[in-house]
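All of the numbers you see were taken from the coordinates with simple rules; none came from a lab. Computed from a prediction, not measured in an experiment: that's the story for all the values here. Cβ placement follows ideal geometry from the backbone for every residue including glycine, while neighbour counts extend to all protein chains displayed.
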Amino acid sequence: MSTPTLRPATLVLSAALLAAGMASCKPKKKIAENNTQPPPNEVEVVVLCSGPEYFTNKEFFRANAVGESMDQQTAKSKALNAARGQLAADINTAVKRVVDNYVNSRELNNKEEIAERFEGLTREVTDQRLSGTRTICEKLTKTPQNTYKSYLAIELSAQDLLSEYNERLSQDERLRIDYDYEKFKETFDKEMEKLKNER
């Protein structure tokens, strides 16, 4: 059985296509490399305890911060307070959207008053739950100016927060009449999914 031979025209065409394919790959690679390098007159700054693995996702609210001081403990306290402040702001923003969407999706009397009561309770819950944050990254450095820099990332479980909201909302006499946990949870989960996708 003889092997088929390729015609010269087929060989030339194959070689041309291969060369064109290789040429089209090179510029893409070069563009990708250029986009990750800082301009010649700038130096990239690497911030510890930051990056995609420290972003809020559907399971956890996360925040990171840097604190600087002549004293180690003060630097750490500054970082923790800043991170907790950021976390509280992010949670309050997300929960406000959950409450707005939840209330607007329900047939409720006096929606404005109910929304206000929801938001009041969520602020209380957030303030209480912030003491339960978990540190997921902590680095301490000393600068040439002899100050300490504390880099910190913290997280708070979204499901723990939801459970706390459920408990408090269920105990509120006015809210529990119209409160539907499954609907609230569904709205909350959708908001967490959106937060993950916004990053």
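Extension gain for Asn104 to Asn166 (0.36 nm times residue separation, less C-alpha to C-alpha distance): 20.5 nm. Estimated at 0.36 nm per residue, the fully extended path between Ser157 and Gln73 surpasses their Cα-Cα distance by 27.6 nm. Residues Val45, Val103 in ascending order of nearby Cβ atoms (within 10 Å, fewest first): Val45, Val103. A full extension of the chain between Glu42 and Lys190 corresponds to an added length of 49.3 nm, given 0.36 nm per residue minus the alpha carbon distance. Among Thr147, Thr133, the ranking by other beta carbons within 10 Å of each residue's beta carbon, starting with the fewest, stands as Thr147, Thr133.
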